[in-house]
Amino acid sequence: MRQVHTLLKRAVATGALLAAAYAVASVSSAQDATTSTTTTTPTTSTVKVKVPPTTATPKMIADAVARSKARHDKFLATGTPEQFGSEEPYTPK
Amino acid sequence: MYISTDASRIRQREAQKARDNRAEIVRARSIGQVSRRDLVRWGIFTASGLLVCKNGLSPFARSAYAAIPTGTPRSPLSGAQKFTQRMPRLQLQTPVPMTPVVRGAETDAAFGGQFVGQPNARRLSYHNDFSAFVGDPATNPFRNPVTNRGPMEGRPPTEFFAHQRWNNFFPKAGYVMSWTQCAPGVKFHPNMPDQEPNSVWCYGTGNVGQATLPPFLIKGRYGEPMLARVHNNTPVNREENNGFGRNEQQLHFHNAHNGAESDGATGAHHFPGTFYDLLWSTSLARRDKINTDASDRRASGPDGNGGLVNVPGDFREIQGTMWAHDHRFFFTAENVYKGNLAAMINYYSGPDRGNEQLNDGVNLRLPSGKFLDYGNIDFDVNLIISDGATDQNGQYFFDVFTTDGFLGDLPLVNFAYAPFFEVLPRKYRFRILAAGMSRFWKFALANANGQAVPFQFIANDGNLVVNPIALTSLDHQGVAERYDIVVDFSRFRPGDRIRLVNQLTMRDDGRGPDKDLTLAQALQGDKDDPVIGAILEFRVVSSVPSVDAPSQTLTIANSCGVNDTSRVPLVLTEQIPIVTPVRTRLVEFGRSGGGDSRDPVTGQCTPDCPEGMPFPWSIKVNGQDAHTFNANRVSLLIPKPGEVEHITYVNGGGGWDHPIHLHFEEGITMNRGSGTIPATERLVRKDVWRLRAGGQVTFQVQFGEYGGSYVNHCHNTVHEDFAMLFRYQLLSNVGPQVAVTPTPNPTPDGVLFTTPEILPEGDPRTST
C-alpha cells in the first residue's frame with residue numbers, strides 16, 4: 001500500500017512535466033487534433049499477403065475443436081484459465 | 001468480485017483502499033498526470049498493460065486476511081430493501097411526422113411536431129455541406145454549434161455514408177434524442193442518493209442537456225421507416241466523467257436490418273455538440289429475393305386503423321424485441337454501463353401486432369392489450385435486467401481495469417433496484433433483455449412456496465420460434481440476448497406473489513458462468529453475490545391502471561378469464577430450411593498472439609484507443625493467424641448478397657465463455673457440434689450465441705439488401721473493448737457499396753478516411 005501511494009504521489013508530482021508530453025498522445029489526442037477535415041478518395045485496393053483457404057473445411061473445424069477441447073480439458077484439470085497469449089503454440093495430435 | 005458482508009472490518013477497509021487506489025490511478029490518467037507506460041515502469045501494470053495482482057490494488061489479489069480474491073466493497077444500500085419500489089416502465093417515445101422537402105436533386109425530411117426547427121434530415125451527411133463551405137470557418141453554418149470545431153453531424157461524408165435506399169425507406173416517423181448528463185433525482189431506489197450529473201449519462205427526448213432513467217421504449221412497425229437523430233450532449237471536457245465513460249458514441253440498433261451507416265458500428269463515433277442521423281428503415285430481410293411483390297399478408301405492418309401495410313420480404317424473418325446501445329469501439333462497456341442504453345425497440349408486424357383482440361387471420365393475438373391498433377403494452381412488458389454497482393458515496397461505479405469481466409452487486413430491472421410489478425391474474429408477455437456488461441443469467445419463476453411456475457418461450461433474440469416451448473426455467477442468457485416469454489398468472493389470486501429468480505452463479509473474475517443452482521438454492525440467495533436469487537416480484541392484484549389508455553382501469557372483470565382474449569397459438573411462424581451453403585467459414589474466438597490492434601508505425605489504434613491499452617482477446621478466421629480488433633482491417637468479406645453461408649464459431653477454450661453477436665443479420669442455429677442444443681436454440685434464428693467454455697456453434701446465414709461495414713464480436717463488452725471484435729464487409733450489387741468501405745477515422749474536426757486491409761482468408765474473391 002505504502003509503495004502504491006508513493007508511486008502515485010510521484011506520479012502526481014511529476015504530472016505537470018509528463019502532461020505536456022503525454023496529453024496529446026494519451027488522453028486527449030482527438031480533442032487536441034488541429035488537422036482540418038480532409039477526405040481521401042475511396043478505393044477498393046487491398047493488401048494481400050497470401051492466399052489461404054477462404055472456405056473452412058471439416059478438418060479445419062475439427063482441428064479448431066480439438067484445440068478448444070485440449071485447452072478446456074487443461075482448464076478443467078488445473079482450474080486455471082488460459083492467460084494472455086498462452087494459447088499458442090498448440091499442435092493437434 | 002464483491003467481498004462478503006461477513007468479512008471483517010479490516011478486510012472491508014483493505015478492499016476499500018484498493019478501490020480508492022484504483023480510482024486515484026484513473027483520475028491521474030484522465031487528467032494526463034500519468035500514463036500507462038509510467039504505470040508499467042513502476043510495476044503497477046504488467047508488461048501487457050494489465051493491473052498487477054498486488055494486494056491493495058487489484059481486486060483479485062490475495063491478502064493476509066483472506067485466501068479468496070480481495071474483491072470490492074459492497075455497494076451501500078442506504079437501507080433499501082428488495083421489492084419496496086414499483087418497477088418503472090420504459091419511457092415511451094412519441095414520434096413526430098416527417099415530411100419531404102425537395103432541395104435540388106435531393107429530397108430532405110423535415111421534422112414535425114415538437115421537433116420543428118431541427119435541421120432537416122438529409123440523405124447525405126451535413127459533413128459534406130460543412131466541407132464544401134467556402135468562407136470564414138467561424139461562420140460555417142454547418143459547424144458544431146457547441147465547440148465551433150468540425151461538422152455538426154457526425155455521420156461521415158461521401159456516398160459511402162449516405163442513407164442507403166433513402167427513397168425506398170423515406171422516413172415517416174421522426175425521433176430526436178440526446179445522450180447527456182443525468183438530471184437531479186436519478187437514483188436506483190428512493191433510499192439511495194441522487195446520481196451526480198456525470199455519474200450517469202442517459203437519454204432524454206429532444207436536444208436537451210439533462211435526461212433521466214429508465215431508457216426509452218420505441219414502437220416501430222414494418223412499413224413506417226424511422227429517422228432517429230441522436231445528439232451527443234455529454235461534457236466537452238473528457239475528464240468530466242466521474243472516473244469512467246468516454247464522451248464519444250455511435251448508437252447501434254441491435255439487431256435491426258439497416259444500412260451500415262445506420263447500424264451504429266462502422267467506427268464513426270461522434271463528439272459532444274454533434275448529432276448523428278440514423279435511418280431505421282424497418283426493412284424486412286430478403287425483400288430483394290422473396291415476396292418481392294409484397295403479396296404475402298404475413299409480411300406486413302399495422303396501418304394504425306385495423307389494417308395492414310404489406311411490405312416485400314420474408315415473413316419468417318420478422319423481428320420483434322430489439323434494443324439500441326452505444327458501440328464506441330474500445331469504450332463500449334463503460335459507456336453502455338454508464339447509461340448509453342438508449343432504448344428497447346419493439347417492431348410490430350402483421351403477425352406480431354401488439355393487439356390481442358384484433359382477429360384478421362394474420363394477427364397471432366399474443367398478450368399485449370386492446371386499446372391501441374398496435375403496440376399495446378398493458379400486458380406486454382419490457383424488462384431490462386442488469387447488474388450495477390456504486391461506490392461508497394452511492395455513485396455509479398465501474399472498474400475500468402478489468403479485462404475479464406465486470407460484475408455488479410445490485411440487481412436492476414429497468415434500472416430500478418429489485419422492484420415489484422403489479423399484474424392481473426391473466427397472461428402477460430415479458431421481453432427480457434440481459435443488459436449487464438459481463439453477467440450471464442438463468443431465470444425461473446417461483447411461487448410463494450418456492451415452486452417453479454411454468455411459462456412459454458415464444459421468441460429468441462426477437463425472432464419468433466416456430467412452436468411455443470413450455471419451460472419452468474430458461475436456458476442461460478448471455479449479454480444482449482433477448483428472451484420473450486408468456487406467463488399465465490390466471491392460476492393465482494390477488495395477494496399472491498411470484499418472483500423472478502436468477503439461478504446462475506458467476507465466476508468471481510466475471511469470465512463466465514460458474515454453476516446452475518436449483519430454484520431452492522437460488523431462493524436462499526448467495527452471500528457473495530447479491531444478484532443471485534429473486535430480483536423482481538410480481539404482485540397479483542385485482543386492478544391496474546392502463547398504460548395504453550391512461551383513463552382506463554384494467555380489472556379482473558374486464559381483462560381476465562373470458563376477457564383475456566390473448567392467445568399463444570401452437571404455430572407462431574414457419575421454419576426456414578437448412579440448405580447447402582455457397583461456402584463455410586470458421587471463426588475462433590480466443591486468447592492468443594500479442595495483439596495487433598495498433599498500427600506498427602504510428603502506434604495508434606483505429607479508431608483511437610487508450611494509450612498502453614492491452615489486447616488479450618483475439619480472433620482467427622479459417623485457422624489462420626490471430627488478430628485483435630482494428631477497424632481498418634476487414635476480416636470477413638461477403639462478396640455479394642443472397643449467398644447462403646454456414647459459419648462455425650469455436651471458443652478458443654481455456655475456461656472462458658463468450659456471447660458472440662453478429663450484427664445486421666440473424667443466423668439459424670444448426671448445431672453445437674457434439675454438444676447438446678436446447679429446444680430454445682435448435683433451428684431458431686438468433687444474433688447472439690453463447691459459446692460456453694470449450695463450445696462451438698454452427699449457423700446458417702445469408703446477407704442482403706444493404707452493403708457496407710459491420711462487425712461481429714463478443715458481447716461480454718469488456719472482452720469486446722479489449723479487442724475481441726472484427727469487421728466484416730458486405731458488398732452490394734449497386735451503389736457505392738459495390739466497393740469496400742473506406743475506414744472512417746473520426747476527429748472533432750471531421751472524418752478522415754483510410755483504405756482498409758483485407759484478410760485474404762476472409763476474402764472469397766481471392767480463391768481460385
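Here are the numbers:
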item: Partners for A:Lys74 among aspartates and glutamates (Cα-Cα distance below 16 Å; same-chain residues under 8 apart left out); result: A:Glu82, A:Glu87, A:Glu88, B:Asp657
item: B:Val634 long-range amide H proximity, modeled H, under 5 Å; result: B:Glu757, B:Ile758, B:Leu759
item: Two-decimal ratio, chain B, of alpha-carbon radius of gyration to 2.2 N^0.38 Å; result: 0.90
item: Size-normalised alpha-carbon gyration radius of the stretch B:647-749, reference 2.2 N^0.38 Å; result: 1.23
item: Amide H contacts of B:Val309 (H built 1.01 Å from N, under 5 Å, at least 5 apart or other chain); result: B:Gly301, B:Asp303
item: Whole-percent pair-distance distribution, where bins are 10 Å wide, for the alpha carbons of the stretch B:91-348; result: 7, 30, 35, 20, 7, 1
item: Projected area averaged over orientations for the stretch B:583-766, convex hull of C-alpha atoms, nm²; result: 11.2 nm²
item: Charge dipole magnitude, Cβ of K and R +1, D and E -1 - the protein assembly as shown, Cα centre, debye nearest 20; result: 1360 debye
item: Cα-Cα pairs of the stretch B:263-330 separated by more than 20 Å (percent); result: 47 percent
item: Those residues of the stretch B:732-768 whose amide nitrogen sits under 17 Å from the label point placed on B:Glu106, 7 Å along Cα→Cβ; result: B:736, B:751
item: 29 Å Cα-Cα threshold exceeded, pairs from B:Lys219/B:Lys515; B:Lys172/B:Lys370; B:Lys82/B:Lys442; result: B:Lys219/B:Lys515
item: Computed log₁₀ I(q)/I(0) - Debye formula, equal Cα scatterers, no solvent, the protein assembly as shown, q 0.06, 0.09, 0.10 Å⁻¹; result: -0.36, -0.87, -1.11
item: Proxy reagent accessibility, fewest Cβ within 10 Å first, across B:Ser674, B:Ser75, B:Ser767; result: B:Ser674, B:Ser767, B:Ser75
item: Debye equation applied to the C-alpha atoms of the stretch B:101-198, log10 I(q)/I(0) at 0.15, 0.20 Å⁻¹; result: -0.77, -1.08
item: The stretch B:380-563: translational diffusion in µm²/s, Stokes-Einstein, Kirkwood Rh over Cα pairs, 25 °C, 0.890 mPa s; result: 142 µm²/s
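Since every read-out is calculated from the coordinates, none of them should be taken as a lab result. On a predicted model such as this, the values are computed, not experimentally measured, just so you know. Counting neighbours? That spans all protein chains shown, and the Cβs are built from the backbone with ideal geometry, glycine included.
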